[in-house]
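Working notes for the structure below.
The values are calculated or read from the model by the stated rules, or taken from the named source; none is laboratory data. Bear in mind the structure is a predicted one, so any value in this text is a computation, not a measurement. We place every Cβ from the backbone using ideal geometry, glycine too, and count neighbours over all the protein chains shown.
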Amino acid sequence: MKDKIVITGIGVLSSIGIGKDAFWQALEEGKSGVKPVTLFDTSKLKVKMGAEISDFNPGAILGEKGLRNLDRATKLLLCTGKLALDDARLEIDDINSNAIGISIGTTVGSLWSISEFDKSALRDGPHFVNPAEFPNTVINSPPSQLAIRLKSKGPCATISSGFTSSLDAIKYGIDLIRNRRAQIVLAGGVEEFCEQTYLGFYKVNFLAGVKGPELSCPFDQRRNGVILGEGSAILVLESEESAKKRGVDIYSHILGFGTHFYPYAINKYEPQGKGLKKAMKFALEDAGASAEDIDYISCAANSMQDADAIETASIKEVFGKKAEEISVTATKSMLGETFSAAGVLAAAATVGAINKDFLPPTINYAQKDPVCDLDCVAVKSRAARINKAVVNAFGPSGSNSCILIGK
Amino acid sequence: MSRRVVVTGLGVVTSLGIGKDEFWKNLIQGKSGISKVESFDVSNYSRSFGGEIKNFQPLQFITEREIKRMGRASQLVIAATELAFKDTKIDAGHLDSDKSAVIIGTTMGEANIFEILNKAWLERGLEKVDPFLVGRTTANLLSVNLGIHYKLGGINLVVPTACAAGNYAIGYGFDLIKEGRVNFAICGGADAFSRIAFTGFARLYAMSADICQPFDKNRKGMLVGEGGAVLILEPLESAQKRGALIYAEILGYGLSCDAHHMTIPSEDGITRCIQNALKETGVRPQEINYISAHGTGTAQNDKNECIAIKNVFGEHSKKVAVSSIKSMLGHCMGAASGIEAAACCMAIKEDIIPPTINYQTPDPDCDIDCVPNEARRTKVNIALNNAYAFGGNNSCVVFKKYER
């Protein structure tokens with residue numbers, strides 16, 4: 001018998017709110033995190049917008065000590081971890097530290113550090129790089145720094161699978177618990193907003209604002225690319241038994257998981273959504289649920305022309321008639337595309353929706369597109385009871401993952 | 001469901017040989033794969049040696065068109081996979097995409113592409129940076145490129161847990177097969193020789209000026225290497241059914257985190273990691289014949305690893321053979337524990353333990369049997385593969401000679 005996995009704590013740092021309560025409230029109000037980029041100069045580019053966490057003050061959450069040599073992704077994750085632990089009423093001490101694990105999805109979280117370190121060596125010579133910044137160049141740096149900060153001595157894993165990283169990290173965390181490698185796992189993801197990533201998305205023509213309005217408007221006819229964002233979220237996972245033993249509140253159950261990589265091409269969406277359909281089917285199977293059981297889908301739709309249409313068609317195929325009744329939301333309309341962090345941010349949003357009885361909206365929705373004709377909870381949130389919800393993540397290089405969350 | 005998991009194929013691309021046979025022959029002869037660094041200009045560094053693979057010809061494995069579209073780390077891992085497929089006599093086209101996994105570990109991902117971009121950025125300005133290359137930089141592309149090359153779907157992940165990454169990948173593949181989620185797993189690690197890694201380790205004063213001498217009193221540090229390694233994992237039944245050669249059985253693994261320091265390994269974390277591996281597998285210390293050490297050749301690592309081995313093995317610590325093949329290959333980063341896992345499998349299959357070369361002066365802090373300078377013929381029934389990493393991400397995988 002597999003352990004039932006529950007969520008007992010949530011930490012969120014997002015462009016629309018810090019801490020889960022602010023985040024959930026902002027979702028309900030349909031706030032947008034998109035604003036002109038302030039972290040670097042965009043004057044030479046055709047695009048200017050991003051979903052930065054503009055009021056990010058790590059010292060206020062962590063205290064000022066020990067932050068000096070850490071990069072932005074690491075600081076984001078450390079703050080998120082602190083919020084998640086407090087929320088789960090979990091204190092890590094000598095007795096339980098070996099039983100606490102970390103599993104974090106990130107793909108370009110260390111990109112800024114890698115690039116700056118290398119450029120400094122090229123510019124000033126290899127003897128003049130700051131040795132304290134070298135550890136930031138490894139991709140597992142943010143999760144490892146979190147383990148150091150929290151003194152959590154169980155397994156510490158990092159997962160990179162692009163757009164699905166944080167959902168895959170949640171699954172890795174679930175497996176750590178089920179295989180008795182950890183009792184409690186802090187699972188989630190982080191991506192920072194930085195010039196390198198922004199330019200990367202710009203150079204591969206993924207950003208909105210070149211061929212149309214600079215707007216994150218998933219499912220809308222005007223969509224023409226993503227608004228890049230940043231964020232970090234951590235779910236505290238444990239078995240139901242462990243949560244009961246600790247006497248803590250349970251936010252939600254994680255009922256199932258499905259993933260399927262479909263080999264197609266780098267940075268191109270496979271037009272038929274073959275992998276995404278499989279991921280959703282596998283998640284339903286894993287949960288022992290049917291399409292009829294699902295009330296809500298938190299979509300990966302990111303305002304790319306093909307992505308949103310593919311997700312719509314895939315949902316219709318997997319859910320059949322039921323797709324007409326299911327409400328779907330593209331939280332990326334508010335948060336922008338946060339890449340590796342997107343899956344867990346959508347999961348954290350969905351837990352809020354389940355607990356606060358509302359459907360988060362897809363904002364910026366104005367012009368209907370016939371190929372994106374699901375009920376996307378346009379512009380304004382709605383009150384609704386959700387029993388079982390699906391959270392999707394998928395990307396243009398073939399990765400697709402899906403989790404099922406229940407009351 | 002709980003199934004036995006076996007290793008049925010090995011593919012390695014290293015400075016000591018491409019393909020497991022050449023690699024193993026050189027390894028047990030105690031040869032060195034270390035040479036002058038040639039892939040970038042090291043004239044303004046105080047160090048100049050590394051473990052580059054000088055004779056790697058990607059065209060033997062991948063088309064020219066593909067080579068242009070991927071970095072060297074992806075090329076190394078695809079080459080290793082091709083060799084592993086040949087070794088296990090499986091045609092990738094016959095695999096079931098719903099029941100397969102590709103799990104690859106790495107430290108730096110496609111660092112070489114970053115290095116090209118960063119150089120272009122500094123020298124010619126941002127506008128001149130090749131947009132095509134920008135989309136080829138992310139670490140997840142190691143497993144993605146592999147999946148696309150073989151048109152193989154399924155579970156596809158990169159586990160970038162730095163220098164323990166290969167072991168993490170093998171461990172997760174083991175879990176997936178054991179519980180029946182997949183019937184076939186391609187697991188391992190890859191890292192290309194990286195200017196960024198070379199710069200960093202040089203600046204940390206962690207790098208030797210000439211040779212790598214793990215456990216030697218006068219050891220002067222590690223050397224950066226590169227490589228790719230892949231193990232084919234499958235359930236015992238499927239290996240038996242197709243009459244595959246079984247190198248070893250994987251009994252399980254242990255993980256732990258130091259939660260102490262980003263670059264200084266802790267004896268406590270390593271001790272707990274080995275203990276977790278033994279606890280999970282039910283193996284007693286006296287049953288272990290060989291430990292493939294992390295053994296980087298830095299003062300701190302080797303000392304702390306030896307303390308941990310003594311903590312766990314007590315009196316038996318002097319009787320178990322502990323060698324570091326990093327003495328021959330340098331530290332191949334995310335590929336290292338994958339390569340070392342392949343060496344464990346070969347040691348079990350051939351009953352030979354590869355040596356720690358360059359060993360001259362005993363160190364009282366490292367008073368273990370490091371199989372100095374010459375390979376040893378002895379029965380190897382159970383082997384541990386130790387790997388530690390930046391961030392204190394520790395891992396230890398347990399391999400056993402296959403018995404019915």
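What to note about this one:
- Residue within segment A:100-111 that is surrounded by fewer than 22 Cβ atoms within 10 Å (Cβ to Cβ) and out of contact with any His (no Cβ under 7 Å at 6 or more places or on another chain) present: no
- For A:Ser242: the one exception among (1) modelled with pLDDT of 95 or more; (2) small (Gly, Ala, Ser); (3) in contact with a helix residue (DSSP H, G or I) (Cβ under 7 Å, 6 or more places away or on another chain); (4) over 22 Å from A:Trp24 (Cα atoms): (3)
- Conditions (1) away from chain B (no Cβ under 11 Å); (2) in a strand (DSSP E or B); (3) hydroxyl-bearing (Ser, Thr, Tyr): number failed by A:Ser166: (2)
- Only listed residue being within 14 Å of chain B (Cβ to nearest Cβ) and either farther than 30 Å from A:Pro213 by Cα or out of contact with any Phe, Trp or Tyr (no Cβ under 7 Å at 6 or more places or on another chain) (or both), chosen from A:Ala291, A:Ala309, A:Ala279: A:Ala279
- Every listed requirement among (1) in a loop (DSSP other than H, G, I, E, B); (2) buried (at least 21 other Cβ atoms within 10 Å of the Cβ) is met by B:Asp87 save one, (1).
- Selected residue (criterion: surrounded by the most Cβ atoms within 10 Å (Cβ to Cβ)) from residues of segment A:129-143 that are over 19 Å from the mean Cα position of the chain (by Cα) and within 7 Å of chain B (Cβ to nearest Cβ): A:Val138
- Output for segment A:63-91, where each listed residue is free of Cβ contacts under 8 Å to residues at least 40 places away in the same chain and not charged (D, E, K, R): A:Gly63, A:Leu67
- When residues in segment A:364-389 are screened for being farther than 14 Å from A:Ser298 by Cβ and either β-branched (Val, Ile, Thr) or without any contact (Cβ under 8 Å) to a residue 12 or more places away in the chain (or both), 3 of them pass.
- Number of residues in segment A:47-66 that are out of contact with any Asp or Glu (no Cβ under 9 Å at 6 or more places or on another chain) and either among the β-branched types (Val, Ile, Thr) or within 14 Å of chain B (Cβ to nearest Cβ) (or both): the value is 2.
- Residue ID - farthest from the other protein chains (Cβ to nearest Cβ), chosen from residues in segment A:146-158 that are buried (at least 24 other Cβ atoms within 10 Å of the Cβ), closer than 16 Å to A:Leu76 by Cα and of a type outside the set (Ser, Thr, Tyr): A:Leu146
Rundown of residues vs (1) at pLDDT below 95; (2) β-branched (Val, Ile, Thr); (3) in contact with a Leu (Cβ under 8 Å, 6 or more places away or on another chain), yes/no style:
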{"residue": "B:Asp302", "(1), (2), (3)": "no, no, no"}
{"residue": "B:Val312", "(1), (2), (3)": "no, yes, yes"}
{"residue": "B:Ser323", "(1), (2), (3)": "no, no, no"}
{"residue": "B:Ser337", "(1), (2), (3)": "no, no, no"}
{"residue": "B:Glu340", "(1), (2), (3)": "no, no, no"}
{"residue": "B:Pro354", "(1), (2), (3)": "no, no, yes"}
{"residue": "B:Pro362", "(1), (2), (3)": "no, no, no"}
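- Test: A:Ala366 is aliphatic (A, V, I, L, M), under 15 Å from the mean Cα position of the chain (by Cα) and in a loop (DSSP other than H, G, I, E, B): no
- Complete set of residues in segment B:194-213 that are assigned to a loop (DSSP other than H, G, I, E, B) and either within 14 Å of another protein chain (Cβ to nearest Cβ) or touching a Cys at 6+ places or on another chain (Cβ under 7 Å) (or both): B:Ser194, B:Leu204, B:Tyr205, B:Ala206
- Whether a residue is touching a residue at least 24 places away in the same chain (Cβ under 8 Å), among the charged types (D, E, K, R), within 29 Å of A:Phe257 (Cβ to Cβ) and not in a strand (DSSP E or B) was assessed, and B:Asp98 passes this test.
- Filtered by the rule that a residue be more than 19 Å from A:Lys20 (Cβ to Cβ) and touching a Gly at 6+ places or on another chain (Cβ under 6 Å), segment A:224-260 gives A:Asn224, A:Ile227, A:Leu228, A:Leu255, A:His260.
- In segment B:166-175 there is no residue that is within 19 Å of the chain's Cα centre (by Cα), part of a strand (DSSP E or B) and in the same structural domain as B:Glu52 (by TED's automatic domain parsing).
- Hits in segment B:135-164 - residues which are more than 19 Å from B:Phe85 (Cα to Cα) and free of Cβ contacts under 8 Å to residues at least 12 places away in the same chain: B:Gly135
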